[in-house]
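Reviewing the structure listed below.
Every number in this text was worked out from the coordinates using simple rules, so none of it is lab data. All values reported here derive from a predicted model rather than from experimental measurement. We place every Cβ from the backbone using ideal geometry, glycine too, and count neighbours over all the protein chains shown.
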Amino acid sequence: MKISFLMLMVLSLFLFPNGIHKSLASRPSVVSIGSILRLNSTTGGVSDVAIHAAVDDINSDPTVLNGTTLRVDTRDTNCDDGFLGMVQALQFMETDVIAIIGPQCSPIAHIISYVANELQVPLMSFASDATLSSIQFPYFMRTMPSDLYQMAAVAAVIDYYQWKIVTAIYVDDDYGRNGIAALDDELTARRCKISYKAGFRSNAKKSELLNLLVTVSNMESRVIILHTGSEPGLKLLSIANSLNMMGNGFVWIATDWLSAYLDANSSVPAETINGMQGVLTVRPHTLKSKMKSNLVSRWSSLSKKYNHSDLRISAYGFYVYDSVWTVARALDAFFDDGGRISFTNDSRHFKGFPLQVDLSTAILTLSENGELQRIHDKWLKTGDCSTDNTEFVDSNQLRLESFMGLFLICGAACVLALLIYFGIMLRQYLRHEQPGSAISVDAGSSTSKRSLRKFISFVDDRQPPPKKRRTMSLSRSSMPTTPMSNRPGTDIDIES
């Protein structure tokens, strides 16, 4: 029996040598994926727990990535600052990551999609911006429904109640603008329209939001669509409640940001809940499954393990969890086919700009030594105005004093032009006055006053020179014979 088994093993080595080699030798011991999240946000916290939960489940499952350990490297980013968010995303390009989960912010997703496409790094993003497409970016993969679906649902509600015009309030970035554009298309197809669009900065002050809502309250439409993030959205609803815009006569429809916030936060203040009574929101539907039920039952312990004990699971958590599993399944199939993973910094392997790797390396070097942050703070920081000017002593930022030389040159040019004009008018006045009409100097101060009045009257009443008149004389011989022809001649003046 043993001899037969050994003969069978030797025969399989001769018959299928490539298959055994591919299934064992080609699998690396460790592969790394990256994630770009805003960890201090509700969605970012839920996504962080879901990513780690998926990695733990994959590493403990012997049927997936057998012999290979999956690791995750998470980077915290700032959705309000596309510049620094782009730099933080580029930092993944100097590490050996085979895929990136995220980012959660559409503005950053737009930026790094170009980089991921050039460097051929799959981007598993749950940004819902409808303009992000795998046709334009082959290495971009959306792992949650596009905004087109929820905007179609909002438009269907508006059409059902026969509201023909609505007002849209949105955050003024790629996520907000493109979402409202999708809503506008859906409403147009139903013969409805957005009568007024009110955009605001993601870090807008309370006074700016107050002025925006006052303007919206004066609009004709009382149906308001709120498409923004959770932090500014809650501020807007609170201010609207203080302006009595949440009662009868107003309709508020919030997109899925509100349902994600309410699902994920276990303890929402009562004041916040009372301020949003009557607001309608939409929630993405996820099918029931054994894996989903298992994740929900373990979520409480998982959130405590990864330092987000105050957060519950939301639809975003399910999408992110599935995204990691999608990467693992794809890697497993890739390794089964004998695929190998390699990393290179040789720019000849990349299409497009030949110096893009060197440029990325230079940006990363500036980021690591803090120089890039200093450049950002110097030229791109938009802080509040301060009455204390001492903080600008050592700064090269443009301010009012920087244009002092330009103001002096403009002022001198205006004064010189005024003096030249005054001289020309005085010269014309002296020519206009007849020598005999001069008044004796002995007349005293009254003479000076009369002269000044005459000069001012001359400047004020000065008319353009009269048009030249052309005289045409008609002789007696050229005139018809009439009783009037007995006159010696007629002069006709014709204005030219």
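Which peptide among 217-228, 414-425, 313-324 comes first, and what is the full order, when sorted by highest mean count of other Cβ atoms within 10 Å?
Details: 217-228: 18.7, 414-425: 10.5, 313-324: 23.9.
Ranking, from highest mean packing down: 313-324, 217-228, 414-425.
For Phe126, the amide hydrogen comes within under 5 Å of the amide hydrogens of Gly102, Thr143, counting only partners 5 or more places away or on other chains and with H modelled in the peptide plane.
Throw me the Rg/Rh for the stretch 148-281, computed over C-alpha atoms with Kirkwood Rh, two decimals. Intermediate values should be presented prior to the final figure.
Details: Rg = 13.9 Å, Rh = 14.9 Å.
Result: Rg/Rh = 0.93.
Both the radius of gyration and Dmax for the stretch 206-322 are 16.9, 51 Å, in that order, over alpha-carbon atoms. Amide H contacts of Ile224: Thr167, Val251, Trp252, Ile253, each under 5 Å away and 5 or more positions distant or on a separate chain (H built 1.01 Å from N in the peptide plane; Pro and chain starts excluded). Karplus-derived 3J(HN,Hα) values for the stretch 103-110, using 6.51 cos²θ - 1.76 cosθ + 1.60 with θ = phi - 60°, are x, 7, 9, 5, x, 6, 4, 4 Hz; glycine and proline are entered as x. Magnitude of the charge dipole for the stretch 119-236, about its Cα centre and with charges confined to Cβ atoms of Lys, Arg (+1) and Asp, Glu (-1), is about 300 debye.
Evaluate the distance, in nm, between pseudo-label points positioned 7 Å from the Cα of Asp61 and of Ala330 along their respective Cα→Cβ axes. It is 1.6 nm.
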